[in-house]
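The values are calculated or read from the model by the stated rules, or taken from the named source; none is laboratory data. All of these numbers come straight from a predicted model, not from anything done at the bench. As a convention, Cβ positions derive from the backbone with ideal geometry for all residues, glycine included, and neighbour counts pool all protein chains shown. Heavy atoms of the whole protein, side chains included, go into the accessibility calculation; ligands, DNA and RNA do not. Shrake-Rupley method; radii C 1.70, N 1.55, O 1.52, S 1.80 Å.
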Amino acid sequence: MTTNTIESILQENRLFPPPSQFSQTAYIKSFEEYQQIYEKAKTDPQSFWADLAEKELHWFEKWEKVLDWQPPFAKWFVGGKINISYNCLDRHLTTWRKNKAALIWEGEPGDSRTLTYAQLHREVCQFANALKELGVHKGDRVGIYMPMIPEAAIAMLACARIGAPHTVVFGGFSSEALKDRLNDAEAKVVITADGGFRKDKTIALKEQVDLAIADQGVPSVEKVLVVQRTKEPVTMVEGRDYWWHDLQQKVSAECPAEPMDSEDMLFILYTSGTTGKPKGVVHTTGGYNLYTHITTKWIFDLKDDDVYWCTADVGWITGHSYIVYGPLSNGATTVMYEGVPRPSNPGCFWDVIEKYGVNIFYTAPTAIRAFMKAGEDIPNARNMSSLRLLGTVGEPINPEAWMWYYRVIGGEKCPIVDTWWQTETGGIMITPLPGAIPAKPGSCTRPFPGIIADVVDLDGNPVKPEEGGYLVVKHPWPGMMRTVYKNPERFRNSYWEHIYPKDGQYFYFAGDGARRDEEGYYWVMGRVDDVINTAGHRLGTMEIESALVSHPAVAEAAVVGRPDEVKGEDIYAFVTLENQYSASDQLMKELKDHVVKEIGAIARPGTIHFTDVLPKTRSGKIMRRLLRNLASGQEVAGDTSTLEDKGVLEKLRGG
Ligand code: ATP
Ligand code: MG
């Protein structure tokens, strides 16, 4: 049978209002204030965005039209001239922020560097001139394949300054994945480093670039620019390869920002590939600048004396919007860290917080679950009293992980913003505003002002409260993707042709299921591709996984459907255990009973598969489509280029 919607079975009733001290100084101070702003924006989205664009950003020339909407193609601030690098740098130089720390960087081996706004501006201008000298013009695409070092941000801002769209490829990807992306983007130049430090080893990035472009692998690439980071030997090809530090010496530090058309392409970025082949998402200048600016300001309640840290990699949209563009546009101090938690230093994040007195900390559920598994003694040994706000992004956060984050990291005094969004949306879409919206663990709460979200059935009709359905956005917003690079048809059929409202409206849908509770809070239930169809019920993955994770033995869980003659699909759960527990038949039975107790008999897993590892994308998301293949005994099919560790599949087959 096919129903139109998804059933919701989990109840979570805990409520955490913002601490009143926090609300008093927040930009948005109360739920009433949020509602007023939300309603006003809903009634007239165009004036809402136009007012903010006028007030928050510098424009070389004002737009003629706020929105040109020819579904599914939107243009924002049509005719306006703007440069995001100017908004992130130049405009702060005429204020006291000139000598404020813009970027605080900490390297994995313990080296560090701080760049003030004036210093960052200088570096960006120089590098922009270097790019120009090497023949990079407005409109040329530039590949960036780098470790998490300041030069990555400098390169992005330099590209933006001269109007050359960048495409950042995560430094952990192989030469094959790099090659596909550089080819798709037809990059003229690649910026890289000799290598980077990751988990106490070096990774040879330049070598991967050499492999990708060897034998005309990427015919469009003419030059390769190399930062010296690890000082390991690399091969430099005369006339093609240049050292960053040589280039920076020869050029002037004066480079006015190019007035860009609001709709000029700012960057191409490929999605994580959790559900299939990555898509080349195109973002443009004016709308993206506004959207990342205002979401950073209101959601992270970012103040001038805050030290703000987002742990993402610049290779993901989170790094673009919430390490580089959003914070710098606000004149904030943004921290960048090269390392990741590793066996030799599982507490490195807490060290960074203590060392720099970080006030706002933004990370991913996958990291939080790993910290829980490693034990709370590690964070407890550090002083993290500087923290005032926490955030998460990337996957649904299981309520138990939320509670742990709140208690152990936030010391029960920091609001948590659980931010739902996507590469495609440019910025955060559904989230608490931390001074205004009481949080419920596991819920991303309410849409940001100006975002007209809904949960609907396949015909676009809103489903009833507490019923699951498809999470859509019904009105264009400034940060939305404009197209799939060179593939408008894929844009149309990936995002705009799943839900068919009868009245011919266009709803944006990017694949997630959700429900809204009686109070209007949103609960993301997982990807609709992952929905399990069991005995006539359509169940999302999130709720069953959260039930499993709420058992003290379980660290992480991923559930998928396995074909079953009687039920259609049977629930198959992959489970990793907390360190002090081990797999047994007894525990298996206990976990099945636990799910029944938490959410009911329909959700009882037929199989529990204990494992040490789960397959994840390099951005840390569980790839259930691969687990589905494994559970049903099929060959693993589909794109695995974004899989973090190919060995995981072998281990799962063996176990
Ligand atoms: P692909 O589109 O290639 O399959 P992807 O969807 O993982 O990959 P991203 O754009 O990195 O690529 O991730 C966006 C997705 O991450 C969302 O659609 C959603 O499923 C999930 N997500 C992000 N933040 C949250 C959150 N706070 N709560 C629930 N889910 C989230
Ligand atoms: Mg996606």
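What residue, among those in the stretch 268-290 that are over 15 Å from the mean Cα position of the chain (by Cα) and away from ligand 2 (no atom under 16 Å from the Cβ), is nearest to Tyr485 (Cα to Cα)? If we take residues in the stretch 268-290 being over 15 Å from the mean Cα position of the chain (by Cα) and away from ligand 2 (no atom under 16 Å from the Cβ), then Thr284 is nearest to Tyr485 (Cα to Cα). In the stretch 479-582, counting only strands (runs of 3 or more DSSP E) that sit wholly within it, the ones holding 2 or more residues that are within 15 Å of ligand 1 (Cβ to nearest atom) and not hydrophobic (A, V, I, L, M, F, W, C) span 508-516, 522-527. Selection of the stretch 505-554 for residues being among the small types (Gly, Ala, Ser) and either within 30 Å of Met480 (Cβ to Cβ) or open to solvent by 10 Å² or more (accessible area, probe 1.4 Å) (or both) yields Ala510, Gly511, Gly513, Ala514, Gly520, Gly526, Ala535, Gly536, Gly540, Ser546, Ser550. Taken across the stretch 479-500, residues that are under 18 Å from Ile428 (Cβ atoms), out of contact with any helix residue (DSSP H, G or I) (no Cβ under 7 Å at 6 or more places or on another chain), at pLDDT 95 or above and open to solvent by 10 Å² or more (accessible area, probe 1.4 Å) do not occur at all. Counting the residues of the stretch 399-420 that are within 16 Å of ligand 2 (Cβ to nearest atom) and either closer than 13 Å to Pro18 by Cβ or touching a helix residue (DSSP H, G or I) at 6+ places or on another chain (Cβ under 8 Å) (or both) gives 1.
Out of all the residues in the stretch 262-273, is one or more touching a Lys or Arg at 6+ places or on another chain (Cβ under 8 Å), open to solvent by 40 Å² or more (accessible area, probe 1.4 Å), polar (S, T, N, Q) and within 16 Å of ligand 1 (Cβ to nearest atom)? Among the residues of the stretch 262-273, not one is touching a Lys or Arg at 6+ places or on another chain (Cβ under 8 Å), open to solvent by 40 Å² or more (accessible area, probe 1.4 Å), polar (S, T, N, Q) and within 16 Å of ligand 1 (Cβ to nearest atom), which makes the answer no. Within the stretch 608-616, identify whether any single residue is over 30 Å from Thr318 (Cα atoms) and in contact with a Ser or Thr (Cβ under 9 Å, 6 or more places away or on another chain), and answer yes or no. Within the stretch 608-616, one or more residues are over 30 Å from Thr318 (Cα atoms) and in contact with a Ser or Thr (Cβ under 9 Å, 6 or more places away or on another chain). Out of everything in the stretch 468-478 that is open to solvent by less than 10 Å² (accessible area, probe 1.4 Å) and part of a loop (DSSP other than H, G, I, E, B), what residue ends up being farthest from Ile532 (Cα to Cα)? Restricting to residues being open to solvent by less than 10 Å² (accessible area, probe 1.4 Å) and part of a loop (DSSP other than H, G, I, E, B), the top hit is Pro478. Annotation: His293 fulfils all but one of (1) surrounded by 24 or more Cβ atoms within 10 Å (Cβ to Cβ); (2) within 22 Å of the chain's Cα centre (by Cα); (3) part of a loop (DSSP other than H, G, I, E, B); the unmet one is (3).
On the basis of being over 13 Å from Gly426 (Cα atoms), more than 16 Å from ligand 2 (Cβ to nearest atom), open to solvent by 20 Å² or more (accessible area, probe 1.4 Å) and assigned to a helix (DSSP H, G or I), does Asp304 make the cut? So Asp304 does not fit the description; no. Would you confirm whether any residue within the stretch 98-113 is on the phi > 0 side of the Ramachandran plot and touching a helix residue (DSSP H, G or I) at 6+ places or on another chain (Cβ under 9 Å)? Taking every residue of the stretch 98-113 in turn, none turns out to be on the phi > 0 side of the Ramachandran plot and touching a helix residue (DSSP H, G or I) at 6+ places or on another chain (Cβ under 9 Å). Count of the stretch 307-334 residues, restricted to those that are assigned to a helix (DSSP H, G or I) and open to solvent by 10 Å² or more (accessible area, probe 1.4 Å), is 2. Restricting attention to the stretch 612-655, the residues that are part of a helix (DSSP H, G or I), under 22 Å from the mean Cα position of the chain (by Cα) and hydrophobic (A, V, I, L, M, F, W, C) total 1. Within the stretch 13-38, restricting attention to residues that are aliphatic (A, V, I, L, M) and more than 14 Å from Leu389 (Cα to Cα), the residue that is surrounded by the fewest Cβ atoms within 10 Å (Cβ to Cβ) is Leu15. Applying the criterion of at least 1 residues that are small (Gly, Ala, Ser) to the strands (runs of 3 or more DSSP E) found wholly in the stretch 100-186 leaves 101-106, 112-116, 142-145.
Taking the conditions (1) at pLDDT 95 or above; (2) in a strand (DSSP E or B); (3) within 23 Å of Gly276 (Cα to Cα); (4) not hydrophobic (A, V, I, L, M, F, W, C) in turn, His609 satisfies each one other than (3).
Can you go through Val224, Val234, Val218 and tell me which one is assigned to a loop (DSSP other than H, G, I, E, B) and either touching a Ser or Thr at 6+ places or on another chain (Cβ under 7 Å) or open to solvent by less than 20 Å² (accessible area, probe 1.4 Å) (or both)? Going through Val224, Val234, Val218 in turn, the sole match is Val218.
For Ala102, the test of being touching a residue at least 12 places away in the same chain (Cβ under 8 Å), more than 21 Å from Leu247 (Cβ to Cβ) and crowded, with 24+ Cβ neighbours inside 10 Å is passed. Scanning the stretch 133-190 for residues that are of a type in the set (A, V, I, L, M, F, W, C) and closer than 21 Å to Asp639 by Cα yields a total of 8. Against the definition (among the hydrophobic types (A, V, I, L, M, F, W, C), in contact with a Lys or Arg (Cβ under 6 Å, 6 or more places away or on another chain) and either farther than 30 Å from Ser385 by Cα or within 16 Å of ligand 2 (Cβ to nearest atom) (or both)), how does Ile452 come out, yes or no? In short, yes.
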